[in-house]
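The values are calculated or read from the model by the stated rules, or taken from the named source; none is laboratory data. Just so you know, these numbers come straight off a predicted model, no measurement behind them. Neighbour counts are summed over all protein chains in view; Cβ atoms, including those assigned to glycine, are modelled from backbone coordinates with ideal geometry. Quick note on the areas: whole protein, heavy atoms, side chains included, nothing else; ligands and nucleic acids left out. Shrake-Rupley method; radii C 1.70, N 1.55, O 1.52, S 1.80 Å.
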Amino acid sequence: MIFLDVDGPLIPFGPRPDGHRGPPPHATADHPLLHRLNPADGPRLLALGAELVWATTWMREANEIIAPLLGLPQLPVADWPDDEPPAGLHWKTAGLVAWAAGRSFTWIDDEITDTDRRWVAAHHPGPALLHRVDPRAGLTDADFTVLRAGARLGP
């Protein structure tokens, strides 16, 4: 299972790697950075062969807006607990561990810290790869190399 964040990993905050400077083809007033999506990321994520789950504040809008632009099917959307996380822990961490329910998982996000890694190691019985993406660049070839290795974590 792969938990997938949008802002940072799929929509980088820095300039597009290909240097595109024309009008943003997918930008809207509500979502002006959509032109930073890389349509190749969808097929590359699907090729990892794991169940993809949106783990983003976009919630169901990820299926309505992001998935079609990346060629992804409708994906499950992680729900978030209302509880405050322990000090220093990312607000998504405990919810993703609960969603995984002991199964192996990869979490792709730009806000993962060592605190999250330690907490998951202590609270999740299965294998887990918490992969932090540079939010200025988004997913890169180097990230996909790590993710392909993580996809082989096991059941």
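Here are the numbers for this structure:
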{"item": "Segment ASP114-ARG136, length gained on full extension (0.36 nm per residue, minus Cα span)", "result": "6.0 nm"}
{"item": "Separation of the ARG60 and VAL146 label points, Cα + 7 Å toward Cβ, nm", "result": "3.3 nm"}
{"item": "Rough spin-label spacing in nm, given labels placed 7 Å along Cα→Cβ, for GLU84 and GLU51", "result": "3.3 nm"}
{"item": "Most mobile of ALA122, ALA100, ALA62 in a GNM of the chain (Cα contacts under 10 Å)", "result": "ALA122"}
{"item": "For region 106-111, Karplus couplings with θ = phi - 60° (6.51, -1.76, 1.60), whole Hz, Gly/Pro x", "result": "10, 10, 9, 7, 9, 10"}
{"item": "Residue of HIS131, HIS90, HIS123 that the Gaussian network model of the chain assigns the largest fluctuation, springs spanning Cα pairs under 10 Å", "result": "HIS123"}
{"item": "Kirkwood Rh in Å, taken over all unlike Cα pairs in the chain", "result": "15.9 Å"}
{"item": "For region 121-138, Karplus couplings with θ = phi - 60° (6.51, -1.76, 1.60), whole Hz, Gly/Pro x", "result": "4, 7, 10, 10, x, x, x, 8, 10, 9, 10, 8, 9, 5, x, 6, 9, x"}
{"item": "Probe 1.4 Å, protein heavy atoms only - accessible area per residue of the chain in square angstrom", "result": "50 Å²"}
{"item": "Fluctuation leader among ILE108, ILE65, ILE11 - the chain, Gaussian network, Cα springs under 10 angstrom", "result": "ILE65"}
{"item": "Spacing of the two label points (7 Å from each Cα toward its C-beta) at ARG103 and TRP91, in nm", "result": "2.6 nm"}
{"item": "Under-5 Å amide H pairs with LEU129, H placed in peptide plane, nonlocal only", "result": "PHE105, THR106, TRP107"}
{"item": "Estimated FRET transfer efficiency (ALA121, ALA40; beta-carbon r; R0 41 Å; 0.05)", "result": "0.80"}
{"item": "C-alpha center-to-center spacing [region 56-72, region 74-105] in angstrom", "result": "19 Å"}
